[in-house]
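To start, the structure under review is shown below, and the notes come after it.
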Amino acid sequence: MRLSRYFMPTLREAPSDAQIVSHQLMLRAGMIRQEAAGIYAWLPLGLKVLKKIEQVVREEMDRAGAIEVLMPTLQLADLWRESGRYDDYGDEMLRIKDRHDRDLLYGPTAEEVITEIFRAYVKSYKDLPKNFYNIQWKFRDERRPRFGVMRGREFLMKDAYSFDLDEAAARKSYNRMFLAYLNIYARLGLKAIPVKADPGPIGGDLSHEFIILAETGESEVFAHRDLVEMGAPGSDIDWDGDLQELVEQRTRLYAASDEMHDQARFEAEAPEDKRMTARGIEVGHIFYFGEKYSKPMKALVTGPDGQDRPIHGGSYGVGVSRLVAGIIEASHDGAGIIWPDSVAPFGAAVVNLRVGDAAVDAVAEQAYQALVAAGKEPLLDDRDDRPGAKFAALDLVGIPWQLIVGPKGVAEGVVEIKRRATGERQTLPLDAALKVICA
Ligand code: 5CA
């Protein structure tokens, strides 16, 4: 992409109503535009990052055996009347009437819709397990939308739904999602802590929130340090095998958010120097809820004994748009955003320091074409602007590499490269510079 033809409306100052650093930086980097409270348009740079996160989530869901579908944003109220949730959901649900006076709603989640789809086709235990997911916009009329896309009203969620014959099988589906989530966050450069969450009226111990650490987080977490340091399981685990031990390794050590925290247990289970208390952002939530939807909505399958029974379900959410802000909270400095390579909007920026100088233009173009060919999705800064302004904008938007082409270097046969995360610079011939960036 050539910056002269792109749309990257960066701002020197953040609007004063942006309270947290990710919101400030997303506005300054020209990633989003607020259209109404908690409702945002995604500008080109923001959209690129959103799509990259979406793709990481998709790949890890596919690997763990989930199957992608796309459900509508608008849902029929009648389905929610079947599950009994229509009246309970309250003011967070955006209720809509169509021209035939039918009650619709903008989906805040999709348990009812997926249960309707499942029951229409799946009738036998032989077709289980099944796990369907979609990455779709949700709407919750939050009382206090704030912090930009961190707590929006319209937001992008990956929601997966598992269907199993009994609780033991459902636990296996749950374990797959639990471990897939850790892999997702690791690929996004994040350290996520799985904490026990309130399982609600179903009871049991099968509900976890995934929290990433950030001072501005809305949740407080209490955790054993060894859990915080424990790595993700990695994507080459046997997804069809017994995952219980891998999950237990990560649930044995104490971890809880404020509503489930028990100080006495924390002190008994973690020695003082291992006790960590911090603020964090909830970037995922997984639940096992048994027959909660299948019973009232009659999602039944025939078991091996010929008897029909309600399936055991679970649902698994990742806050995809919230993650854009969450990654920024976890990875920025005074100059701006520092994207992990896995979600950077561009892999590298080629900075032409003297646009219009034929020799400099030629080297910049050569570097740009080489990076295109290498699949690095480069941005060519071919604007006629002061070097200082160019560097400030590129630092702000957080592109992992800058390849700087100026008249002095071109005369000497070298370019400069800068790694955004460390500020480290090297002066090298172009070929060697490209090798470093593409390594
Ligand atoms: N039905 C379940 C799982 S599919 C569900 O809706 N879970 S949830 O309510 O916990 O949402 C899943 C994830 O969406 C949360 O962990 C959070 O990361 C994200 N999320 C929830 N509300 C918002 C919001 N208002 N703005 C941005 N992200 C949100």
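The values are calculated or read from the model by the stated rules, or taken from the named source; none is laboratory data. Everything quoted here is computed from the prediction, not taken from an experiment. Cβ atoms come from the backbone with ideal geometry, glycine included; neighbour counts cover every protein chain shown. The accessibility values were calculated without ligands, DNA or RNA, using every heavy atom of the protein model including side chains. Shrake-Rupley method; radii C 1.70, N 1.55, O 1.52, S 1.80 Å.
Would you tally the net charge around Asp381, using a Cβ to Cβ cut-off of less than 15 Å, leaving Asp381 out, and scoring K and R as +1, D and E as -1? Net charge in that neighbourhood comes out at 0. The relative contact order of the chain, computed from alpha carbon pairs under 8 Å that lie at least 6 residues apart in sequence, is 17 percent. With 29 Å as the limit, the listed pairs Lys48/Lys138; Lys51/Lys97; Lys130/Lys295; Lys52/Lys138 have Lys51/Lys97 beyond it between alpha carbons.
Go ahead and set up a Gaussian network model of the chain, Cα springs under 10 Å, then flag whichever of Ala325, Ala264, Ala14 fluctuates most. Residue with maximal mean-square fluctuation among Ala325, Ala264, Ala14: Ala264.
Candidates Ala367, His332, Ile96 compared by Cα position along the dipole of the chain: farthest toward the positive end lies Ala367, with charges placed on Cβ. For the chain, the average shadow cast by the Cα convex hull is 24.6 nm², which is a quarter of the hull's surface. Note on Ala374 and Lys298: the model spin-label points, each 7 Å out from Cα along the C-beta direction, lie 6.2 nm apart. Largest GNM mean-square fluctuation across Ser124, Ser162, Ser257, computed for the chain with C-alpha springs under 10 Å, falls on Ser124. Packing around the peptides 369-375, 277-283, 316-322, taken as the average count of other Cβ atoms within 10 Å per residue, puts them in this order, highest first: 316-322, 277-283, 369-375.
Across region 390-439, Cα pairs under 8 Å and at least six residues apart give a relative contact order of 28 percent. The calculated 222 nm mean residue ellipticity attributable to helices in the chain amounts to -9500 deg cm²/dmol, summing -39500 (n - 2.57) over DSSP H runs of n ≥ 4 and dividing by all residues. Projected label points at Tyr89 and Asp242, each 7 Å from Cα along the beta carbon direction, are separated by 4.1 nanometres. Once the Cα atoms are used to define both axes, helix 111-121 deviates from the longest principal axis of the chain by about 70 degrees.
Inter-label distance, Thr277 to Arg386: 4.8 nm, where each label sits 7 Å from its Cα along the C-beta direction.
Relative to the dominant Cα principal axis of the chain, helix 167-187 is inclined by about 10°.
All other residues whose Cβ lies under 15 angstrom from that of Ala359 are scored, Lys and Arg at +1 and Asp and Glu at -1, for a net of -3.
Taking every C-alpha pair closer than 8 Å and separated by at least 6 residues, the mean separation divided by the residue count of region 7-76 gives a relative contact order of 21 percent. Around the Cα centre of the chain, unit charges on the Cβ atoms of Lys, Arg, Asp and Glu (plus for the first two, minus for the last two) sum to a dipole of about 1100 debye.
Within a straight-line Cα-Cα reach of under 13 Å, Lys172 can be paired with the following aspartates and glutamates, leaving aside sequence neighbours fewer than 8 residues apart in one chain: Asp164, Asp238, Asp240, Asp242, Glu245, Glu248. Among Tyr288, Tyr125, the sequence by solvent-accessible area, most first, with a 1.4 Å probe is Tyr125, Tyr288.
Average accessible surface for the chain: 45 Å² per residue, computed with a 1.4 Å probe over protein heavy atoms with every protein chain in place.
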